[in-house]
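To keep things clear, I will list the structure first and then write my remarks on it.
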Amino acid sequence: MISKNLENNDRLQQVRLVIDRLIRDGKAIGSDDSSHEIFPVAIAATEGEAIRAWIIKEKAINTIEIGLAYGISALYICEGLLTNGVRKAQHTVLDPYQESFKNCGLQSLEEAGVMDLVEYCAEESQIALPKFLSEDRNFDLAFVDGSHLFDRVFLDLIYLGRLVRPGGIIFADDYQALAVAKAISFCLDNLGWKLEEASPSDEHHQWVVLRTPLETIPRSYPHFVDF
């Protein structure tokens, strides 16, 4: 048991080193040695720490993320999973656009030594999520930071609402964007989701923490609450 704890502590230290470097330098190096300014595209440390805290609080084992980009959020999520100390933990990442980021996100995960925790899927979420649903997959917590178009965010939330376990957490970025806020409003007003936490409003990022209901609320035609 002591050796396992030491191994896990070493892994946590490596993840933390990569996070701290990326936050400090504000840059990531691509697969072609190109240099990329990661902010404001990437989430800030305060948001990453909030994601990590919720993963630990919820004792999450299986997590899913829409949008990898530079990998900051995925690193914080993996840090949370390692802190929970469950060997079968897994983080599923959907991002068909890693080549646009010169694979910086995947490289950061590789450098941090957490690729064994990660299932990477290079498909668009509106294609992959229905497949996951048909496979009876489920997750404890989801992080949504993919497309910011209303229809795509809406689909992400609707499918994740069925994929995340009853009473689970959906952590959404960019709540300051009208399209994202509108999609979330539908889930709050029509599906019985609860707003657990919201960050202060920010020009680039505002996040909210949503909890799905333990039981699906009964709805029949013509139920609809304007949002």
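The values are calculated or read from the model by the stated rules, or taken from the named source; none is laboratory data. Predicted model, so just to flag it, every value in this text is computed and none were measured. Note that each Cβ is placed from the backbone with ideal geometry, even for glycine, and that neighbours are counted across all protein chains shown. Just so you know, the surface numbers come from the protein's heavy atoms only, side chains and all, with ligands and any DNA or RNA stripped out. Shrake-Rupley method; radii C 1.70, N 1.55, O 1.52, S 1.80 Å.
Please list, ordered by chain and number, the residues whose modelled amide H lies under 5 Å from the amide H of ARG137; skip anything fewer than 5 residues away on the same chain.
Placed amide hydrogens put nothing under 5 Å from ARG137.
Just order 26-38, 78-90 by mean Cβ neighbour count inside 10 Å, highest at the front, would you?
So the peptides 26-38, 78-90, ranked by packing, come out 78-90, 26-38.
Provide the per-residue ³J(HN,Hα) series for the range 177-185, in order, calculated from phi with Karplus coefficients 6.51, -1.76, 1.60 and θ = phi - 60°, each as a whole number of Hz, with x at glycine and proline positions.
Per-residue couplings from phi come out as 7, 4, 4, 5, 4, 5, 4, 5, 4 Hz.
So, by mean Cβ neighbours within 10 angstrom, what's the order for 44-57, 127-140 with the highest one leading?
44-57, 127-140
Using only the alpha-carbon atoms, how far is helix 125-134 inclined from the longest principal axis of the chain? Give it as 0 to 90 degrees, nearest 10.
80 degrees
Go through the range 10-16 residue by residue and turn each phi into a ³J(HN,Hα) via Karplus (6.51, -1.76, 1.60, θ = phi - 60°); whole Hz please, and just put x for glycine and proline.
My calculation for the range 10-16 gives 5, 5, 4, 5, 5, 4, 4 Hz in order.
If you take the beta carbon distance between ILE29 and LEU178 as r and set R0 to 41 Å, what does 1/(1 + (r/R0)^6) give as a FRET efficiency, to the nearest 0.05?
The formula returns an efficiency of 0.75 here.
Please state the shape class of the chain: rounded when a/c is under 1.5, otherwise prolate if a/b exceeds b/c and oblate if not, all from the C-alpha gyration tensor.
Taking the square roots of the gyration eigenvalues as a ≥ b ≥ c, the chain is prolate.
For the range 1-103, what relative contact order do you get, as a whole percent, if you take Cα pairs closer than 8 Å and at least 6 residues apart?
30 percent
At 7 Å along the Cα-to-beta-carbon direction for both GLU37 and ARG137, put a label point, then send me their distance in nm to one decimal.
Between GLU37 and ARG137, the label points sit 3.5 nm apart.
For Cα pairs less than 8 Å apart in space and 6+ apart in sequence, what is the mean separation divided by the residue count of the range 44-108, i.e. the relative contact order in percent?
Value for the range 44-108: 40 percent.
Would you grab the residues whose amide H sits under 5 Å from the one on ALA177? Only those 5+ places off in sequence or on another chain, please, with H modelled 1.01 Å from N.
The list, which skips near neighbours in sequence, is empty: none.
Ignoring everything but the protein chains, give the 1.4 Å probe accessible area of SER199 in square angstrom, nearest 10.
Estimated to the nearest 10 Å², SER199 gives 10 Å².
Quick one: 3J(HN,Hα) in Hz for the range 38-47, Karplus 6.51/-1.76/1.60 with θ = phi - 60°, rounded, Gly and Pro as x.
So the J values, rounded to whole Hz, are 8, 9, x, 4, 6, 6, 7, 4, 4, 6.
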